[in-house]
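Heads up, the thing below is written out as structure tokens.
What follows is calculated from the coordinates using simple rules that are stated; it is not laboratory data. No experiment lies behind these values; they were computed from the predicted model shown. Ideal geometry is used to build each Cβ from the backbone, glycine not excepted, and the neighbour counts take in all protein chains shown.
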Amino acid sequence: MATNVIFYLLNQRFVDNDDQIPEAAKEVMYYSLAIGHHTGVIDCFKKIIVADYEEYQAFVQSFPEGDARRKLAGLIRFGEIVIDSSHVNLLARALDENKPNMTELHREWAEILLDTLASIQKEPVMYIMVKRRDE
């Protein structure tokens with residue numbers, strides 16, 4: 001059984017059975033969305049990177065000690081992390097500065113992540129979910 005790390009991008013969000021939500025409940029639903037809860041909302045994710053777990057660990061180890069490395073290492077500790085608009089500047093800077101220490105494969109990941117972080121900066125409701133999966 002192989003262990004992979006999968007980076008998913010939230011690329012669509014919709015309300016399940018939107019026409020069945022009573023008018024009085026819509027305000028509660030929209031408030032829930034505003035505070036980050038997904039009441040009746042389905043998030044659709046698109047895979048942007050599928051990585052071997054050991055290769056991901058090497059990727060994380062290539063970063064110097066600091067907040068960016070700690071953020072990415074969260075996957076190793078917890079099995080998943082979320083990268084949202086609050087992480088864009090930190091990770092974009094770290095990815096760009098760390099390119100000389102990366103393998104060719106890791107530079108490919110960095111480019112995908114930098115492009116995605118730029119998209120998140122333009123549309124802050126987007127985010128990346130990173131999960132460890134045994135397949």
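Checked across the stretch 77-92, the condition of being among the hydrophobic types (A, V, I, L, M, F, W, C), within 26 Å of residue 124 (Cα to Cα), over 14 Å from the mean Cα position of the chain (by Cα) and surrounded by 14 or more Cβ atoms within 10 Å (Cβ to Cβ) holds for no residue. Condition first: outside any helix (DSSP H, G or I), crowded, with 16+ Cβ neighbours inside 10 Å and in contact with a helix residue (DSSP H, G or I) (Cβ under 8 Å, 6 or more places away or on another chain). Now tell me which residues in the stretch 119-130 satisfy that. 126, 127, 128, 130 - these are the residues of the stretch 119-130 that are outside any helix (DSSP H, G or I), crowded, with 16+ Cβ neighbours inside 10 Å and in contact with a helix residue (DSSP H, G or I) (Cβ under 8 Å, 6 or more places away or on another chain).
Residue 133 falls short on exactly one of the conditions (1) part of a helix (DSSP H, G or I); (2) closer than 18 Å to residue 6 by Cα, and that condition is (1). Scanning the stretch 102-118 for residues that are surrounded by 13 or more Cβ atoms within 10 Å (Cβ to Cβ) and either polar (S, T, N, Q) or in contact (Cβ under 8 Å) with a residue 12 or more places away in the chain (or both) yields 102, 105, 106, 109, 110, 112, 113, 114, 116, 117.
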